[in-house]
1. So which residues in region 51-76 are in contact with a Lys or Arg (Cβ under 6 Å, 6 or more places away or on another chain) and either assigned to a helix (DSSP H, G or I) or not aliphatic (A, V, I, L, M) (or both)?
2. Being among the hydroxyl-bearing types (Ser, Thr, Tyr) and surrounded by 18 or more Cβ atoms within 10 Å (Cβ to Cβ) is the filter here, so list the residues in region 57-97 that pass it.
3. Could you please give the count of residues in region 66-108 that are touching a helix residue (DSSP H, G or I) at 6+ places or on another chain (Cβ under 7 Å) and of a type in the set (A, V, I, L, M)?
4. What are the residues in region 77-108 that are in contact with a Lys or Arg (Cβ under 7 Å, 6 or more places away or on another chain) and within 29 Å of Lys29 (Cα to Cα), if any?
5. Condition first: crowded, with 16+ Cβ neighbours inside 10 Å, free of Cβ contacts under 8 Å to residues at least 60 places away in the same chain and hydroxyl-bearing (Ser, Thr, Tyr). Can you find one or more residues in region 46-56 that meet it?
6. Would you confirm whether any residue within region 24-42 is touching a helix residue (DSSP H, G or I) at 6+ places or on another chain (Cβ under 9 Å), modelled with pLDDT of 90 or more, farther than 17 Å from Asp116 by Cβ and buried (at least 17 other Cβ atoms within 10 Å of the Cβ)?
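The values are calculated or read from the model by the stated rules, or taken from the named source; none is laboratory data. This structure is a prediction, so every number in the text was calculated from the model and none was measured. Ideal geometry is used to build each Cβ from the backbone, glycine not excepted, and the neighbour counts take in all protein chains shown.
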Amino acid sequence: MALLRELRLVAGDGHHAESKKLLKKVLSKDDSLYCLRLVVYETATVLSRRIDQRRAIEFLERFRKLPVTLIDIDIILEDSAWEIFLKQTKKGTSFIDCANLATLEKYKLDGILSFDEFYPKEVAVRA
């Protein structure tokens, strides 16, 4: 069971090919995939701002076809994410990344599919 963090499902993204490879790897093992609903919102917003609205919609359409269970952040998960966030010292720390770590702990998931260096190597799932 893995948590999906990198939603690079739009052609032209620097990690698009790697993302597809990573998804195939996980799905071929019949592993369950989970994703924070916040990550979907964040990804759509970033695509709309950095590229255009059409790409954001394309992403959402592709994402909806994936066998992913969405996780909503409840107050307990949010509190855990804030605890992790408050311990960070690096500039530019993402609350969403901290929420992903809290989700990993709460749901006892095996790892996080991500290219982000924020996550400890032992939980990052790579292609």
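1. Asp72
2. The one that is among the hydroxyl-bearing types (Ser, Thr, Tyr) and surrounded by 18 or more Cβ atoms within 10 Å (Cβ to Cβ): Ser80.
3. 10
4. Once the filter is applied, which keeps residues that are in contact with a Lys or Arg (Cβ under 7 Å, 6 or more places away or on another chain) and within 29 Å of Lys29 (Cα to Cα), region 77-108 yields Leu77, Asn100.
5. For region 46-56, residues crowded, with 16+ Cβ neighbours inside 10 Å, free of Cβ contacts under 8 Å to residues at least 60 places away in the same chain and hydroxyl-bearing (Ser, Thr, Tyr): absent.
6. No, the conditions are met nowhere in region 24-42.
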